[in-house]
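Read through the structure below, which is laid out as structure tokens, and then see the notes.
The values are calculated or read from the model by the stated rules, or taken from the named source; none is laboratory data. Please read all numbers here as calculations on a predicted model, not as lab measurements. In this analysis, Cβ positions are derived from the backbone assuming ideal geometry, glycine residues included, and neighbour counts consider all displayed protein chains.
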Amino acid sequence: MTRVERAARLGAVGLLTALALLLHGQAARLPIDFDEDDYMRAGQIFADEIRTGNPGILLENNYRIEHPQFVKILIATVMLSMEPIQRIPELPVTANPYELMHRPTLAAVRQMQSAFGVLSVTTLALVSPVAALLLATSTWVIKYTSQVMLEAVPLLFSLLGVALYELARSMSNARRRRLAYLASAIGIGLAVGAKYPYAIAGLAIVVDRLRRTRRGEPIRIKDAIGWSAIAALAFFAVNPYLWSDPIGRLIASAAYHPEYATSEQVQSTGFPAWQQLIWLMQSVPWHDAQNIFAVKFDTWMLPLALVGLIPLARNRPVYAIWLGLGAIALLFWPTKWPQYLLTIAVPYALAGAAGLALLAKLSFALPRRLLKGR
């Protein structure tokens, strides 16, 4: 890459970061949503206990046991920098969001989440500026990385994990390549430590590596075991609740999800198996009255991504594998909440960028062919 090209790329990264900041700033006005009070309460339990001199609470408690601790610990970190607030009550999962939360504290935690969302755009801009533009303007990504949800943190770390794996493969320097693989494993471990379904990104790396081995590329078992061990260590490092009984507590956490998927709350929605496809065919439909989303490009993303699937698989296969595995999981998993779309948001944006590039190439090639035909 020449100096001019490098300057242009950095300029694009800066502009896309500024755009993401602007759009996330708009989303700060989003009303309190389901789950925000749950994760705020989870962080508050940690923060209140740590203030009283009991950091051991991290080993003993994991409110909303179905999800890992990492994001809840980050929420607690934000709360520890502020004045204590009245305890957020424990409400049934079917109850409306708790509207009496302390707004300055809520805003501070949302800002932390938005920072991870913006960093995801910045990181993807280094991989593909066009894909970063599509990610930055996705109303689903903006919404679920601007509220107190679990999505923003694993979105960034899953992207880092896969991007660093792809970067490592292109490196000729053995030492730098090992460091990139190490960082890739840490990224995947932290992503899973924030929310389990983002393990799809790690699985995509494994599948891509196996595919390349079948095609004749060498694989060292020691390296594969080392990569997996580092990812596991990163996962456990940010989930101290698991340290005393890793197997038992992981089983208890995992057991929640099949039971919840068959619960009345999920079944009563009546969502079809292809509901996630329906979400992808529209922008976020619930906040039109608040004018939260200045750009609504989501509807055009699906046809672009479909056009870009083959070019993506040809040029960046690990992302195509990530998108394919994630799409299968979204199709077959009974719970159809729209925030699950963020598990495939990165490869989906890259597929859209590949589709846009292909259409642009065809649009330039067609007039030339017509002129030659004369």
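Scanning segment 328-339 for residues that are of a type outside the set (Val, Ile, Thr) and either free of Cβ contacts under 8 Å to residues at least 40 places away in the same chain or farther than 18 Å from Val162 by Cβ (or both) yields Leu331, Phe332, Trp333, Pro334, Lys336, Trp337, Pro338, Gln339.
Quickly run through segment 111-149 and pick out the residues that are aliphatic (A, V, I, L, M) and touching a Phe, Trp or Tyr at 6+ places or on another chain (Cβ under 8 Å).
Taking segment 111-149 as the starting set, the residues that turn out to be aliphatic (A, V, I, L, M) are 112, 115, 118-119, 121, 124-127, 130-136, 141-142, 148-149.
Across segment 111-149, the qualifying residues are Leu134, Ile142, Val148, Met149.
Of all the criteria given as (1) buried (at least 19 other Cβ atoms within 10 Å of the Cβ); (2) touching a Ser or Thr at 6+ places or on another chain (Cβ under 7 Å); (3) touching a residue at least 40 places away in the same chain (Cβ under 8 Å); (4) over 28 Å from Phe297 (Cα atoms), the one not satisfied by Phe70 is (2).
Taken over segment 186-199, the criterion of being over 16 Å from Lys72 (Cα atoms) and surrounded by fewer than 24 Cβ atoms within 10 Å (Cβ to Cβ) is satisfied by Ile186, Pro197, Ala199.
Here segment 90-107 is the region considered, the condition is being over 30 Å from Ser268 (Cβ atoms) and crowded, with 16+ Cβ neighbours inside 10 Å, and the residue that is modelled with the lowest pLDDT is His102. Does Asp208 fit the bill of being at pLDDT 90 or above and over 16 Å from the mean Cα position of the chain (by Cα)? For Asp208, the condition - at pLDDT 90 or above and over 16 Å from the mean Cα position of the chain (by Cα) - is met.
So, in segment 151-177, how many residues would count as being within 8 Å of the chain's Cα centre (by Cα) and either surrounded by fewer than 24 Cβ atoms within 10 Å (Cβ to Cβ) or among the polar types (S, T, N, Q) (or both)?
The first filter runs over segment 151-177 and keeps only residues within 8 Å of the chain's Cα centre (by Cα), leaving 151-159.
Subsequent filtering for residues that are either surrounded by fewer than 24 Cβ atoms within 10 Å (Cβ to Cβ) or among the polar types (S, T, N, Q) (or both) retains 158.
Residues flagged as within 8 Å of the chain's Cα centre (by Cα) and either surrounded by fewer than 24 Cβ atoms within 10 Å (Cβ to Cβ) or among the polar types (S, T, N, Q) (or both) within segment 151-177 amount to 1.
Is there a residue being farther than 22 Å from Leu325 by Cβ, in a loop (DSSP other than H, G, I, E, B) and free of Cβ contacts under 8 Å to residues at least 12 places away in the same chain anywhere in segment 231-251? Before the answer, list the steps.
Initial filter on segment 231-251 (farther than 22 Å from Leu325 by Cβ): 233, 236-249, 251.
Now narrow it down to the ones that are in a loop (DSSP other than H, G, I, E, B): 238-239, 243-245.
Retained after the next criterion (residues that are free of Cβ contacts under 8 Å to residues at least 12 places away in the same chain): 245.
Yes, segment 231-251 contains a residue that is farther than 22 Å from Leu325 by Cβ, in a loop (DSSP other than H, G, I, E, B) and free of Cβ contacts under 8 Å to residues at least 12 places away in the same chain.
In a residue-by-residue description of segment 301-315, the property of being part of a loop (DSSP other than H, G, I, E, B), closer than 30 Å to Phe34 by Cβ and either without any contact (Cβ under 8 Å) to a residue 60 or more places away in the chain or in contact with a strand residue (DSSP E or B) (Cβ under 8 Å, 6 or more places away or on another chain) (or both) applies to no position.
Here Tyr241 fits the description: more than 24 Å from Leu342 (Cα to Cα), modelled with pLDDT of 95 or more and of a type in the set (Phe, Trp, Tyr). Quick one: in segment 267-281, which of the residues that are surrounded by fewer than 16 Cβ atoms within 10 Å (Cβ to Cβ) and either part of a helix (DSSP H, G or I) or in contact with a Cys (Cβ under 8 Å, 6 or more places away or on another chain) (or both) is modelled with the lowest pLDDT? Checked segment 267-281; the qualifying residue modelled with the lowest pLDDT is Gln267.
Residue pairs whose Cβ atoms lie under 7 Å apart, separated by 6 or more positions or on different chains, with the first residue in segment 76-94 and charged (D, E, K, R) and the second surrounded by 12 or more Cβ atoms within 10 Å (Cβ to Cβ), are Arg87/Gln44; Glu90/Arg41. Read through the list (1) under 22 Å from the mean Cα position of the chain (by Cα); (2) in contact (Cβ under 8 Å) with a residue 40 or more places away in the chain, then give the number of the only condition that Leu358 fails. So the condition that Leu358 fails would be (1).
Regarding Pro285, is this residue part of a helix (DSSP H, G or I) and either loosely packed, with under 12 Cβ neighbours inside 10 Å or of a type outside the set (Ser, Thr, Tyr) (or both)? No.
Looking at segment 190-200, can you tell me whether even one residue there is assigned to a helix (DSSP H, G or I) and at pLDDT below 95?
no
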